[in-house]
Structure formats: C-alpha cells, structure tokens
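First the structure, in the form of structure tokens, and then the observations on it.
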Amino acid sequence: EDQVTQSPEALRLQEGESSSLNCSYTVSGLRGLFWYRQDPGKGPEFLFTLYSAGEEKEKERLKATLTKKESFLHITAPKPEDSATYLCAVRGGSNYKLTFGKGTLLTVNP
Amino acid sequence: GAGVSQTPSNKVTEKGKYVELRCDPISGHTALYWYRQSLGQGPEFLIYFQGTGAADDSGLPNDRFFAVRPEGSVSTLKIQRTERGDSAVYLCASSQRGGDTGELFFGEGSRLTVL
C-alpha cells in the first residue's frame with residue numbers, strides 16, 4: 001500500500017525566511033510524485049509533478065526536488081500569500097489514484 | 001464553466017438519510033475522481049472514472065457509497081443510510097485522459113454534515 005508522510009505538520013515563517021517541507025513516501029513502482037497547494041475552503045491546486053530521483057521543478061518562490069525516498073518543497077523568501085496547506089501525493093503501480101499525505105500548514109507572517 | 005463545479009457546496013442531513021452530491025467536470029476531461037477529506041487530513045481516494053465506467057472503485061468504504069457517470073460527463077456520488085462518520089468534504093477532480101501528469105483539477109468540494 002502506498003504511503004505518504006509529510007513533516008512538519010505546521011510551519012510558521014517570517015516573510016523572507018526560507019525553509020523546506022518534507023514528504024517521505026513508500027510506493028511500489030513510482031509513477032509520479034505530486035505537490036499541491038490548498039487554500040482554506042478550496043480544492044487542492046496542482047503545483048508540480050516529479051517522476052524520477054534527481055529531478056527538480058521550480059515555480060516562482062517554490063522548488064520541488066525528489067530522491068528515491070523523499071521529496072522536498074523549498075520555499076525561498078516566502079510572502080504572506082504563500083500561506084496555505086501544501087499536500088504531497090504519489091501514484092504507483094498500474095493504478096491512476098493519487099495517495100495524499102496529511103499536508104503541511106504553512107503560515108507566513110508579514 | 002471554466003472549472004470543476006460541485007453542488008451542493010454544503011449539505012446538512014440527519015443520520016440514516018440518503019444524499020446525492022453532484023460533480024460537473026471540465027469540458028473534455030475524460031477522467032473523473034472522487035476524494036473525501038476530513039478535517040486535518042489529506043484527500044482520501046474513493047473512485048475513478050474513465051469515461052462512463054468506474055475504472056477503480058477500491059476506495060469506496062462500503063456498499064452504502066455508490067457513484068455513477070452515465071454519459072461520461074457529470075457524475076453523482078450517492079450515499080445511503082448516512083452515518084455521522086460520513087461527515088467530510090467530498091472533492092471531485094477531473095483531468096484529461098488518466099491524468100498521467102498528475103495534474104488533477106479539483107472543485108471546491110461539497111461539505112457534508114451528518115447530524
């Protein structure tokens with residue numbers, strides 16, 4: 001069974017204070033690791049897909065990296081509008097479902 | 001509309017009642033997913049449709065839950081004999097084909113409260 005563990009559960013940063021979120025995973029035959037952002041009362045919004053160890057993707061202040069056991073979402077010089085819950089998910093084997101972690105609630109204070 | 005539309009946005013019902021939740025996916029998206037999200041948890045997979053057929057219903061918790069997508073577009077999630085533990089936000093997502101890129105487009109969800 002695919003498993004995703006995210007840490008920390010919550011992270012509070014000052015504006016401009018860079019940090020990283022962690023996603024550890026167990027999956028049989030990784031077919032993709034995905035990062036989503038979720039704002040309160042909204043559905044998750046797609047950010048990145050990573051397929052293989054060593055791959056990196058960037059978008060504005062966010063950069064996602066992947067190893068064989070975990071992924072990191074690096075946030076550089078965050079702004080208050082980056083405050084959200086960040087969800088990590090994996091797809092494995094021959095199925096199409098995504099298995100999500102519980103997410104990291106990020107709060108960026110001005 | 002431009003995005004995935006879910007109705008109702010909020011539903012309050014009594015234990016034992018029947019509820020239907022509707023999802024209108026993005027036009028042209030053949031893949032449709034239902035997820036359930038409880039407070040403080042990530043989305044939990046329920047069912048995946050490719051076209052009209054349920055390609056994977058392994059996440060449905062029991063036989064009180066059923067979903068249909070008769071014309072390959074709109075889908076309805078049906079819950080019989082609701083229980084308090086069914087209270088959650090039910091999320092629908094759609095994607096092109098099977099969503100191989102992992103880019104699912106989610107609706108805002110239907111919040112179900114069972115009293």
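The values are calculated or read from the model by the stated rules, or taken from the named source; none is laboratory data. Note that the structure is predicted; figures quoted are calculated from it, not measured. All Cβ positions, glycine included, derive from the backbone under ideal geometry; neighbour counts span all protein chains shown. In case anyone asks, the SASA skips ligands and DNA or RNA and just uses the protein heavy atoms, side chains included. Shrake-Rupley method; radii C 1.70, N 1.55, O 1.52, S 1.80 Å.
Computed over the alpha-carbon atoms, region B:32-115 gives an Rg to Rh ratio of 0.95, Rh here being the Kirkwood radius from the mean inverse distance.
Cα-based values for the protein assembly as shown, radius of gyration first and Dmax second, are 17.5, 51 Å.
Amide H to amide H, with H built 1.01 Å from N, B:S5 comes under 5 Å of B:D24, counting only residues 5 or more places away or on other chains. Ranking B:G102, B:T52, B:G16 by how far each Cα lies toward the positive end of the dipole of region B:3-115 (charges on Cβ) leaves B:G16 at the top.
Couplings 3J(HN,Hα) of region B:2-15, computed from phi: 7, x, 6, 10, 10, 9, x, 6, 9, 9, 10, 9, 9, 3 Hz, in residue order, whole Hz [Karplus 6.51 cos²θ - 1.76 cosθ + 1.60, θ = phi - 60°; x for Gly and Pro].
How big is the antiparallel share of DSSP beta bridges in chain A, given as a percent to the nearest 5?
Here the antiparallel bridges make up roughly 90 percent for chain A.
Just want the answer: with Cβ charges of +1 for Lys and Arg and -1 for Asp and Glu, which residue in A:W35, A:S7, B:V4 is farthest toward the dipole's positive end in the protein assembly as shown? Projecting each Cα onto the dipole axis, the largest value belongs to B:V4.
Pairs of Cα atoms nearer than 8 Å and 6+ residues apart set the relative contact order; for chain B it is 37 percent. Modelled this way, with points 7 Å down the Cα-to-C-beta line, the labels at A:S19 and A:Q3 are 2.5 nm from one another.
For region A:1-97, averaging the sequence separation of C-alpha pairs within contact (under 8 Å, six or more residues apart) and dividing by the residue count gives a relative contact order of 36 percent. The distance from the alpha carbon centre of region A:51-106 to that of region A:1-43 is 5 Å, rounded to a whole number. Alpha-carbon geometry of region B:1-55: the Rg and the Dmax are 13.2, 37 Å, given in that order. Mean projected area of the Cα convex hull of region A:66-110, taken over all directions, amounts to 4.1 nm². Between B and A, roughly 1600 Å² of accessible area is buried in total, ligands, DNA and RNA not counted and the probe set to 1.4 Å. Annotation for A:A77 and A:E56: the two label points, set 7 Å from Cα along the Cα-Cβ direction, are 1.7 nm apart.
Taking the three principal axes of the alpha carbon atoms in region A:16-110, the coordinate ranges are 44, 30, 18 Å, sorted in descending order. As a calculated quantity, the FRET efficiency between B:E71 and A:K63 at R0 = 45 Å, using C-beta atoms, amounts to about 0.60. Of the accessible area of region A:1-42, computed with a 1.4 Å probe over protein heavy atoms only, carbon and sulfur atoms account for 42 percent.
Estimate the FRET efficiency between B:E14 and B:A55 by the formula 1/(1 + (r/R0)^6), using the beta-carbon distance for r and 30 Å for R0, to the nearest 0.05. Efficiency at R0 = 30 Å is approximately 0.35. Computed from the Cβ-Cβ distance with R0 of 35 Å, the FRET efficiency linking B:T113 to A:A10 stands at 0.90.
Put simply, the amide H of A:V108, placed in the peptide plane, has neighbours under 5 Å in A:L13, A:S83, leaving out anything fewer than 5 places away on its chain. Note down the magnitude of the dipole of chain A about its Cα centre, charges +1 on Lys and Arg C-beta and -1 on Asp and Glu C-beta and zero elsewhere, to the nearest 20 debye. Result for chain A is approximately 260 debye, rounded to the nearest 20. For the protein assembly as shown, a simple Cβ point-charge model (Lys and Arg +1, Asp and Glu -1, everything else neutral) yields a dipole of about 380 debye relative to the Cα centre.
What region B:49-115 shows is 47 Å² of accessible area per residue, with the surface traced by a 1.4 Å probe over protein heavy atoms. Between B:S87 and B:V114, the built amide H atoms are under 5 Å apart, and every one of these is 5 or more places off in sequence or on another chain. Given 10 °C and 1.306 mPa s, how large is the Stokes-Einstein diffusion coefficient of region B:70-115 in µm²/s, with Rh as the Kirkwood radius over Cα pairs? Rounded, D is 126 µm²/s. Of the chymotrypsin sites (Phe, Trp or Tyr not before Pro) found in region B:1-88, those that fall in a DSSP loop while having at most 12 other beta-carbon atoms within 10 Å are B:Y18. In this structure, the residue pairs whose Cα-Cα separation is over 31 Å, taken from A:K42/B:K78; A:K59/A:K97; A:K79/B:K11; A:K63/B:K11, are A:K79/B:K11; A:K63/B:K11.
Dipole magnitude for chain B: computed about the Cα centre from +1 point charges on Lys and Arg Cβ and -1 point charges on Asp and Glu Cβ, it is near 400 debye.
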